[in-house]
Amino acid sequence: MSKKLILFVYGVLLFVSPAKPQDRTFTLMDIINMAREQSPFAKQAETTKENRYWIYRTYKSDFNPQLQLSGSVPGYANAFNDVTQPDGTVRFQSVNQINSDLNLGFEQPIPWTGGVISVNSNLQYFDVLGDNVTNRLWRGSPFNLRLRQPVFAFNRFKWDRKTEPLRYEESKREYVEELEAISREATSRFFNYLDAQINLQIAQFNLANNDTIYRIEQGRYNIGTTSKDKLLQVELQLLRSEQSVVQAQLDLETSSLNLRSYIGLNDNEEFGLLLPEDIPAFEINYGEALDYARRYRSDFLAFKRRKLEAEREVARARGERFETTLNATFGLNDAGPQVSDVYQTPLEEQRLDLGFTIPILTWGRNEARMKSALADQRLQDYVIAQDEQNFEQEILTQVRQFEVLRTQLEISKKSDEVAQERYDVAQNRYLIGKIDITNLNIALEEKDQAKRSYVSALREFWIAYYNLRQLTLYDFAEKRLLYKEEE
């Protein structure tokens with residue numbers, strides 16, 4: 001009997017030993033930190049965040065003054081042009097001329113009205129070239145002040161000031177949410193690998209255990225204390241155990257590749273994972289969770305932005321019914337054969353015009369455009385209201401499920417301990433001949449199932465934990481916000 005016990009201890013040692021020599025072991029937090037810092041998905045999230053920052057900077061620059069230099073230097077033409085004669089007739093005459101211009105302007109948008117005011121200085125040079133004719137002329141404006149103001153039109157600046165800051169703030173919160181989504185996915189892949197690791201340990205233990213049992217049954221068969229049927233049953237169980245080890249090794253390799261690719265781990269060193277059994281103790285109140293979600297989630301900012309965008313389209317449709325623009329210019333200008341003539345004694349320049357386009361017959365197009373925008377606004381109100389309700393329901397479901405998962409985890413852990421103890425008892429009773437192989441196999445299967453159920457309960461708990469963090473941007477375990485508005 002002592003030899004049998006030695007073989008049994010040997011099998012147990014195989015179970016508690018790793019499947020292969022491992023250079024490192026990682027905890028759940030180790031895997032999550034690597035995923036958040038070096039995974040391709042984390043880099044994508046960081047790049048998206050940076051891109052949206054520069055989009056916001058582009059929006060901000062639209063409100064700043066712009067200094068622009070424009071012109072055509074040189075502008076040369078050699079062609080036949082129609083030239084109106086003093087008596088009103090037209091002659092097509094060959095011309096060879098240079099017509100260049102240069103303008104330096106300082107523009108400033110007016111966000112409150114949607115207009116643009118600018119200060120400009122321009123210079124134009126005209127020269128007709130020929131065999132016997134040289135006609136040079138300079139014309140310019142040392143200074144002029146221009147105003148271009150749409151009247152009763154859609155004001156893009158006004159609506160951008162309402163929506164773009166919301167969009168940028170939304171993008172910053174989406175970045176934090178994306179990191180939490182990466183944590184949740186890393187947790188899922190962590191447990192995929194852990195399942196494979198534990199399955200391999202179970203398969204190796206069962207193989208060693210079934211080999212020991214087979215040898216015991218052979219001895220019993222040889223002395224006539226067991227039947228051929230039971231011996232064959234044990235041999236079949238041994239063959240299945242060998243098959244399970246091969247499959248478990250393949251599953252471990254596959255899950256290892258999936259985990260490595262996600263967290264950005266490129267080396268080939270073997271590693272193992274530790275069960276995350278240190279469960280944080282905290283309570284979650286639905287009202288508190290909903291309050292954090294409303295204050296910090298990007299979705300609730302998106303609800304507000306989508307309402308404003310629907311209002312924006314109504315304002316756009318209303319402003320496009322009539323096109324009216326006021327243009328006003330005041331400044332100094334002059335002309336002469338020399339460039340200095342432009343700047344010596346310039347004369348006053350004044351221009352004022354009000355351009356408009358009034359649709360007389362549109363066959364209901366303007367009304368249809370307006371009705372369409374109003375209908376879309378109502379639709380957005382309904383959709384947003386439903387989205388808000390669905391989101392609140394999701395938080396309520398997650399909070400209630402979380403407490404259930406905690407209870408299930410406690411039960412699964414206790415079941416695992418009981419099943420392990422029952423198997424140890426059954427193993428000892430089998431060795432002394434008190435129970436047969438069938439009852440031992442039942443205890444073995446229950447032990448394995450209890451272990452897998454416990455690991456599954458751990459998986460569901462941690463995934464729900466990081467899902468709740470993503471939904472509320474709040475860590476209830478450490479009692480801290482995951483997003484700070486001043487960032």
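Taken together, the values in this text are just the output of simple stated rules run on the coordinates, not laboratory data. Please read all numbers here as calculations on a predicted model, not as lab measurements. Don't worry about glycine lacking a Cβ; one is built from the backbone with ideal geometry, like all the others, and counts go over all protein chains shown.
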Fill in the blank from the handout: Computed for the chain: size of charge dipole around the Cα centre, +1 on C-beta of each Lys and Arg, -1 on C-beta of each Asp and Glu, debye to nearest 20, value 720 debye
Fill in the blank from the handout: Set K451/K479; K230/K447; K43/K451; K228/K447, cut-off 29 Å on Cα-Cα distance; pairs above it are K451/K479; K43/K451
Fill in the blank from the handout: Rounded to 0.05, the calculated FRET efficiency for the beta carbons of Y286 and L308 at R₀ = 30 Å is 0.55
Problem - Contact order normalised by residue count of the chain, Cα under 8 Å, 6+ apart, percent - result: 20 percent
Exercise for the section: Find how many whole Å separate the alpha carbon centroid of the stretch 161-182 from the alpha carbon centroid of the stretch 66-131. Expected result: 47 Å
Problem - Dipole-positive endmost among F126, F303, L352 within the chain (Cβ charges, Cα centre) - result: F303
Handout entry: the chain: DSSP helices with Cα axial extent of at least 24 Å and average Kyte-Doolittle hydropathy no lower than -0.5
Key = 228-263, 437-472
Exercise for the section: Report the paramagnetic label zone for K228: residues of the stretch 432-463 whose backbone N is under 16 Å from a point 7 Å from Cα along the Cα-to-Cβ axis. Expected result: none
Practice task
Calculate the dipole size of the stretch 38-111 relative to its Cα centre from +1 charges on Lys and Arg beta carbons and -1 charges on Asp and Glu beta carbons; express the result in debye to the nearest 20.
Solution key: 480 debye
Practice task
Treat each spin label as a single point 7 Å out from the Cα along the C-beta direction, and report the S456 to E107 distance in nm.
Solution key: 6.5 nm
Practice task
Work out, step by step, the length gained on full extension between Q377 and E169: first 0.36 nm times the residue separation, then minus their alpha carbon distance; give nm to one decimal.
Solution key: 72.6 nm
Exercise for the section: Would you mind ranking W159, W462, W112 by Cβ crowding within 10 Å, fewest neighbours first? Expected result: W112, W159, W462
Handout entry: Whole-angstrom gap from the stretch 192-251 to the stretch 436-487, using each part's C-alpha centre
Key = 30 Å
Exercise for the section: Using the Cα centre as the reference, give the magnitude of the dipole from point charges on the C-beta atoms of the stretch 107-242 (Lys, Arg: +1; Asp, Glu: -1; all else neutral), rounded to the nearest 20 debye. Expected result: 580 debye
Practice task
As a check on your grasp of the helix formula, calculate [θ] at 222 nm for the chain: sum -39500 (n - 2.57) over DSSP H runs of n ≥ 4, divide by the residue count, round to the nearest 500.
Solution key: -21500 deg cm²/dmol
Problem - Extension gain, N258 back to R220 (0.36 nm per residue minus Cα-Cα distance, nm) - result: 9.0 nm
Completion exercise
One finds, for Y53 and Q401 with R0 = 35 angstrom and r their Cβ-Cβ distance, a FRET efficiency to the nearest 0.05 of 0.45
Exercise for the section: Would you work out which of Q470, L147, P337 lies farthest towards the positive end of the dipole of the chain? Charges go on Cβ: Lys and Arg +1, Asp and Glu -1. Expected result: Q470
Problem - Cβ crowding within 10 Å averaged over residues, with 309-319, 463-473, 267-277 ranked highest first - result: 463-473, 309-319, 267-277
Handout entry: D (Stokes-Einstein, µm²/s), Kirkwood Cα radius, the stretch 36-180, 1.002 mPa s at 20 °C
Key = 104 µm²/s
Problem - Sequence of I198, I411 once ranked by neighbouring C-beta atoms within 10 Å, starting from the fewest - result: I411, I198
Problem - Fewest-first sequence of L374, L239, L207 by Cβ atoms within 10 Å of each Cβ - result: L239, L374, L207
Handout entry: Separation of the F154 and R365 label points, Cα + 7 Å toward Cβ, nm
Key = 1.5 nm
Handout entry: Loop-resident sites, the stretch 373-449, for trypsin sites (Lys or Arg not before Pro), counting at most 11 other Cβ within 10 Å (DSSP)
Key = K434
Practice task
Among (1) 36, 30, 23; (2) 83, 28, 20; (3) 42, 24, 23, find the value of semi-axes √(5λ) of the Cα gyration tensor in Å that was calculated from the structure presented, and write down its label.
Solution key: (2)
Handout entry: Cross-link pairs beyond the 21 Å C-alpha cut-off, checked among K307/K371; K60/K162; K414/K434; K162/K304; K172/K484; K172/K304
Key = K414/K434
